[in-house]
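The values are calculated or read from the model by the stated rules, or taken from the named source; none is laboratory data. As the structure is a computational prediction, the values presented were derived from the model and not from experiment. For neighbour counting, all protein chains shown are included, and Cβ atoms are generated from backbone atoms with ideal geometry for every residue, glycine included.
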Amino acid sequence: MRTATISFREIVRPHDPVLTQVRWLYEHTISASERIPWEWLSGSVSAMPWQLRRSHLITAERDTARSNLLGFVTGSYLARYGGYLSYVAVDPRARGRGVGAALYRALIRRLRRSANSLERELPCLVWDSRPPSPSDGPEARVNWERRLHLFKKVGGYWIEGIQFTSPNYLSPQAGDVPLEFFLKPVDDSASDFNEGRLRRIVRGLLKQVYLLDIDGEDGEMLREYAPLRLKRIA
Ligand SMILES: CC(C)(COP(=O)(O)OP(=O)(O)OC[C@H]1O[C@@H](n2cnc3c(N)ncnc32)[C@H](O)[C@@H]1OP(=O)(O)O)[C@@H](O)C(=O)NCCC(=O)NCCS
């Protein structure tokens, strides 16, 4: 299979048949500890665009008569924040062929259009990811390596110095979820992201996307353990 045979499409209809396959891929390739309920994800995508927040779901599908989902990506543009990638997943049979990287590029193009429609730029794309815990099996560790490989390939950096422990939205009883933050410069360059700006980016994400009171009662979920900086992914 070559990437030339793949089309990328934004899903805008809440009853688009491909959403059944997207849901399956979402629930079978992303661990429960990292997921939000499917209805939240699909609902945010099909919602009427809000002036200051545009959410997008983009699929990669093989060009055949019958829709054949290879992967998807979801993300938002928030006028008072910037670009955020929430989930990306590729069918295990289609991995290692550039679909994941192409989904990143498709999302960035879309978020840039959203930003430009509000007469703004897209300085960067931010996302978070859960590293494996010591009790996770080899599969989780291999997947983490694949993620890091993809993050590096798309030009992403790790935001070193800060760690966030997210609520576990699907199973609160299973405990909170440690997350690391990543950033890809888009309209700005890596050297534009100094410590203060990185701190504002992380805190803005937790306030505007996670809707946490990070300056108040949720403050203990965020831990700074070193000066914040963009670090190349090894
Ligand atoms: C992370 C993920 C999206 C990557 O998708 P992908 O389509 O394989 O990504 P790409 O092909 O663009 O890049 C993968 C890189 O890993 C490399 N790789 C090495 N071993 C691999 C393997 N066994 N399988 C897949 N990729 C492998 C590929 O060669 C490629 O690098 P290269 O272009 O330098 O050769 C995919 O593994 C996935 O869906 N994982 C489960 C869901 C997930 O963890 N999502 C991310 C957090 S929300």
### Residue list for the stretch 104-134, filter: loosely packed, with under 15 Cβ neighbours inside 10 Å and not in a helix (DSSP H, G or I)
118, 119, 121, 131, 133, 134
### Message
Can you tell me which of (1) of a type in the set (A, V, I, L, M, F, W, C); (2) within 16 Å of the ligand (Cβ to nearest atom); (3) out of contact with any Lys or Arg (no Cβ under 7 Å at 6 or more places or on another chain); (4) in a loop (DSSP other than H, G, I, E, B) is the one residue 211 doesn't meet?
### Response
(2)
## Note on the structure
Note: among 22, 18, 12, just one is more than 26 Å from residue 175 (Cβ to Cβ), modelled with pLDDT under 95 and touching a strand residue (DSSP E or B) at 6+ places or on another chain (Cβ under 7 Å), namely 18
### Query
Can you pull out the residues in the stretch 103-160 that are near the ligand (Cβ under 10 Å from one of its atoms), aliphatic (A, V, I, L, M) and farther than 18 Å from residue 184 by Cβ?
140, 142
### Task
Exactly one condition in (1) touching a helix residue (DSSP H, G or I) at 6+ places or on another chain (Cβ under 9 Å); (2) surrounded by fewer than 13 Cβ atoms within 10 Å (Cβ to Cβ) is not met by residue 189; state its number.
(1)
### Inter-residue pairs, beta-carbon under 9 Å, first free of Cβ contacts under 8 Å to residues at least 12 places away in the same chain and in the stretch 10-35, second of a type in the set (A, V, I, L, M, F, W, C), 6+ apart
16/22; 24/69; 27/38; 28/89
### Task
Just give me the residues in the stretch 82-92 being out of contact with any helix residue (DSSP H, G or I) (no Cβ under 6 Å at 6 or more places or on another chain) and more than 10 Å from the ligand (Cβ to nearest atom), in sequence order.
82, 84
### Message
If I filter the stretch 141-156 for residues that are acidic (Asp, Glu) and in a loop (DSSP other than H, G, I, E, B), do I get at least one hit?
### Response
no
### Message
Please count how many residues of the stretch 141-168 are surrounded by 15 or more Cβ atoms within 10 Å (Cβ to Cβ) and of a type outside the set (S, T, N, Q).
### Response
16
